[in-house]
1. By how many nm would the segment from residue 137 to residue 169 lengthen if fully extended, with 0.36 nm per residue of separation less the alpha-carbon distance?
2. Between residue 25 and residue 161, how high is the FRET efficiency from 1/(1 + (r/R0)^6) when r is the Cβ-Cβ distance and R₀ = 25 Å? Nearest 0.05.
3. Using a ≥ b ≥ c from the Cα gyration tensor of region 1-136 (square roots of the eigenvalues), is it rounded, prolate or oblate, where a/c under 1.5 gives rounded and otherwise the larger of a/b and b/c decides, a/b for prolate?
4. Mind checking region 1-62 for GluC sites (Glu not before Pro) that DSSP puts in a loop (not H, G, I, E or B) and that have at most 13 other Cβ atoms within 10 Å?
5. Under a point-charge model restricted to the Cβ atoms of Lys and Arg (+1) and Asp and Glu (-1), what is the dipole moment magnitude of region 1-109 relative to its Cα centre, in debye to the nearest 20?
6. Considering all projection directions equally, how large on average is the shadow of the alpha-carbon convex hull of region 111-171, in square nanometres?
7. Rounded to the nearest 500, what is the 222 nm mean residue ellipticity of the chain from helices alone, with -39500 (n - 2.57) per DSSP H run of 4+ residues and division by all residues?
8. Longer than 28 Å from Cα to Cα, which of 70/134; 88/167; 98/134; 84/134 are they? Say none if no pair is.
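Taken together, the values in this text are just the output of simple stated rules run on the coordinates, not laboratory data. Keep in mind it's a predicted model, so treat the numbers as computed, not measured. Note: ideal-geometry Cβ built from the backbone for every residue, glycine included; neighbour counts use all protein chains shown.
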Amino acid sequence: MNFREIAELRQSCRAYNSERPVEQEKLQAILEVARLSPSACNGQPYHITVCRGETALKVAKATQGMGINKFAPEAPVMLVISEKPYVKTAALGAKMKKNDYRSMDIGILSAYITAEAAAQGLSSCILGWLDEDKIREVCTDIDGTVRLVITLGYAKDDDKLRAKKRKDLDELVSFIE
Ligand SMILES: Cc1cc2nc3c(=O)[nH]c(=O)nc-3n(C[C@H](O)[C@H](O)[C@H](O)COP(=O)(O)O)c2cc1C
């Protein structure tokens, strides 16, 4: 698959086959691609905590509330993305330029993870609705702010590819000469 095909195929999955585990080699391939993600000053200011089994279930519950993310407990793998400190140059740049490079870095990391998951035939959903304190209780290795959780697994057979709803290109892009 080329990148265009991956981008067309990838969608947020909210219906997982909870009986079908994610193969270790596919998970490994996704994490290896995540490692290649670019970041400000190459600082890689993030950590990925891979949660499976009971831990995944507990993290899933920490992404729920007010009727949101009801599907999360069906996903066999949850990747918790937390912040690590900036390297000195990125910290200086972020301060001087008043820019939040770390959130951008985590966004790009998440794009790499979800694209490679799609390339591996897996489905994913990026979750920003989460209870950080509850996740910290479960993931005791985390020492930075929890930013995102990514669900991974196989979609249910009847989970169809949806038409993409996106802004028109002329609204999204402007050309200036
Ligand atoms: C930073 C971020 C946070 C998100 N949080 C949630 C979430 O908590 N729950 C959810 O179901 N989807 C969440 N999404 C998925 C978006 O709703 C989804 O990407 C968007 O509607 C486009 O749909 P698609 O991914 O199927 O193409 C999030 C996506 C991003 C990038």
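1. Here the answer is 7.2 nm.
2. Calculated value: 0.50.
3. Details: a/c = 1.99, a/b = 1.36, b/c = 1.46.
Judged from the Cα gyration tensor, region 1-136 comes out oblate (a/c at least 1.5, b/c at or above a/b).
4. Passing sites in region 1-62 are 19, 23.
5. 500
6. 6.6
7. Values: 7 runs with 67 residues, N = 177.
Using -39500 (n - 2.57) per qualifying helix, the result is -11000 deg cm²/dmol.
8. Pairs exceeding 28 Å: 88/167; 98/134.
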